[in-house]
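A short write-up of the structure that comes next.
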Amino acid sequence: MKNFIDDKKIEEYLKNAVAPDEKELDKILKKARKLKGLSFEEAERLLLVESKEDIDKLAEVANFIKETIYGKRLVLFAPLYVSNICNNECLYCGFRKSNKSIHRNTLTMEQIAEETEALIEQGHKRVLLVSGEGLGRNGVDYTIDALKTIYAVQKPKGNIRRINVNIAALEVEDYKRLKEANIGTYQLFQETYHEETYRKMHQSGPKSDYDYHLGAMDRAMEAGIDDVGIGILFGLTDYKYEIMALLQHIKHLEDKFGVGPHTISVPRLEPATGSDVASNPPHPVTDSDFRKIIAILRITVPYTGIILSTRENAKTRREALHLGISQISAGSKSDPGGYSKKDHSDAQFSLGDHRSLHEVIEDIVDMDHIPSFCTGCYRLGRVGKDFMDLAKPGLIKAHCYPNAVFTFTEYLEDFANDTLKKKGYALIERTLPENVLSAKKRKEVLENVEKIKKGKRDIYY
């Protein structure tokens, strides 16, 4: 596949461009408020903004866009690591093949069921299945068995309703098998789009093939997978270069398939056992630059989900909520079997936020946002282009907010303490009028909330 990243164009721009003046910046942000997104050329101009005052302007517009499209709600999930065996030599990763500091493990189906039960008992409804790239030719079979195992676990307090998958780049036929196995979003990060840096960081193994890895989303979408998730591991090279290349990737997918990625993830390098690169990022991204990155992505691709992991600490995650983040992991572990054990020395990377799901939810509520475990769009076929066709005219909020309320009510009834229950129901009552404008629809939402309180589950629009 032809490499669609125009390296020369990016580097020439970064070498010669100057920051926008106040008049140009205000003009771009005024356009952004119309919720139609920006041209990638306009996004490139925003990358050069440096002052705190101007970054605050970006943040304010990003928050406006996110709340206008989706309302004040935040989707929650947990990663489920099933194997840390890997054939790759990625210098930044604790799972890399040569690292002798961790114990290698691939979970059995019984162990995966135990991990699933532990997540359900926390209150989770959505998981991201993650695996190292070391299972060989049987990797797809194992993944499909794991999906079946997770979906089959039923507990009195619920089940997992959506499984997104983050595994190695595959061939089209394998992606077809994953789609048939009922996955949600297929997620794979390029890590870095800068080819020279990529080859330096990925010294051996299947992942060292830059072009094959870059073409993974094409093959997934050719196979019929509706929702794909892309991402960058910030800290490996200049973040400005990465964002410009990411936007070129999005444009490529939009031009070829008519729809871009469903989600974008924005992890920063964090320390990992046995990795000097992870502990000393070649191009560290400051908190100020990180704010700018998230805001620019929300402004430029307003209808795409932006995911923030527990790599970041609680303070950063609170601030990011008002920059356009729409999904976060919570109560996470990044090692196989992590939800069933106390020792986490085999983790892929260090976590910044060690709070429980309950603590994270209470924090979200205190910031006037509705925690959501919704999976309605996925199960009703509102995915891919169909999702975007609803999101772009502003219609998706009519589904997102009520569904968030229903899943949050389930959590309040099944897992919350009395303090959170009181706060949660007060938040629903307070925010319902501004998010559901129809009196008839509000009445219907409240009737469904009462049904959930009486034991009904899994109501969604």
Sorted by Cβ neighbour density within 10 Å, fewest at the top, the residues Arg219, Arg298: Arg219, Arg298
Mean separation of Cα contacts under 8 Å (6+ apart) over length of the chain, as relative contact order %: 21 percent
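Among the listed pairs Lys31/Lys421; Lys100/Lys200; Lys315/Lys443, give every one whose C-alpha distance is greater than 31 Å. Write down the numbers at each step before the final one.
Values: Lys31/Lys421 40 Å; Lys100/Lys200 21 Å; Lys315/Lys443 37 Å.
Flagged as over cut-off: Lys31/Lys421; Lys315/Lys443.
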Unmatched cysteines, the chain - criterion: no other Cβ of a Cys under 4.7 angstrom: Cys86, Cys374, Cys377, Cys400
Rg and Dmax [Cα atoms of the chain; Å; Rg one decimal, Dmax integer]: 21.2, 64
Student exercise, the chain dipole from Lys, Arg, Asp, Glu Cβ charges, in Debye to nearest 20: 1460 debye
Assigned charges on the beta-carbon of Lys, Arg, Asp, Glu; region 394-453 dipole about Cα centre (debye): 240 debye
Packing-based order for 324-332, 266-274, 169-177, using average beta carbon neighbours within 10 Å, highest first: 324-332, 266-274, 169-177
Those lysines that a straight Cα-Cα span of less than 25 Å connects to Lys179, excepting residues fewer than 8 apart in one chain: Lys125, Lys148, Lys207, Lys251, Lys256, Lys385
Aspartates and glutamates with Cα under 13 Å of Lys453, excluding same-chain neighbours fewer than 8 positions away: Glu410, Glu413, Asp414
Highest to lowest packing among 142-153, 31-42, scored as the average C-beta count within 10 Å: 142-153, 31-42
Sequence of His399, His354 once ranked by neighbouring C-beta atoms within 10 Å, starting from the fewest: His354, His399
Among Tyr210, Ile120, Thr300 - extreme Cα towards positive end, dipole of the chain, charges at beta-carbon: Ile120
Charged-residue dipole, Cβ positions (Lys, Arg, Asp, Glu), region 1-68 about Cα centre, Debye nearest 20: 400 debye
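Each reported figure results from applying straightforward, stated rules to the coordinates on display, with no laboratory input. Treat the numbers as computed from the prediction; the structure is a model and nothing was measured. Here the Cβ is made from the backbone with ideal geometry for all residues, glycine too, and neighbour counts use every protein chain on show.
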